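Report on the following structure.
The values are calculated or read from the model by the stated rules, or taken from the named source; none is laboratory data. Computed from a predicted model, the values in this text were never measured in an experiment. Virtual Cβ from ideal backbone geometry, glycine too; neighbours counted across all protein chains shown.
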Amino acid sequence: MVSKDIFERVVSVIADTLQVSVNALSSTTKIKEDLHVDSMQIVTLMIALDDEFNTEFNLEKVPTGEVTIEWICEFVGAAIISTG
């Protein structure tokens, strides 16, 4: 389970980066399908998450299919633990 802090920070970064309302985002929001994000926006989002969490995420571990905000939070949480 991901901490509330990580979830809130991830949602804030997504909202700021993709210019969507925080209220429109939930753990089940699908990044590509619901937010209509393309591959370049995914890279931009990952860079913003790198900056927010002061770490470097391995983009090769991001699935090419659909991901949810919950998946991103778990990905971030695992990266923080492994670098912590």
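So for region 46-53 (the condition being crowded, with 17+ Cβ neighbours inside 10 Å, touching a strand residue (DSSP E or B) at 6+ places or on another chain (Cβ under 8 Å) and part of a helix (DSSP H, G or I)), does at least one residue qualify? No - not one qualifying residue is present in region 46-53. Quick one: in region 71-84, of everything that is touching a residue at least 40 places away in the same chain (Cβ under 8 Å) and not aliphatic (A, V, I, L, M), which residue is surrounded by the most Cβ atoms within 10 Å (Cβ to Cβ)? Out of the qualifying residues, it is Cys73. For the residues Glu74, Glu52, the requirement of being acidic (Asp, Glu), within 19 Å of Val2 (Cα to Cα) and at pLDDT below 95 singles out Glu74.
Entry remark, region 54-70: residues being assigned to a loop (DSSP other than H, G, I, E, B) and surrounded by 14 or more Cβ atoms within 10 Å (Cβ to Cβ) number 4 in total. Taken over region 27-43, the criterion of being in a helix (DSSP H, G or I), surrounded by 14 or more Cβ atoms within 10 Å (Cβ to Cβ) and in contact (Cβ under 8 Å) with a residue 12 or more places away in the chain is satisfied by Ile31, Lys32, Leu35, Gln41, Ile42.
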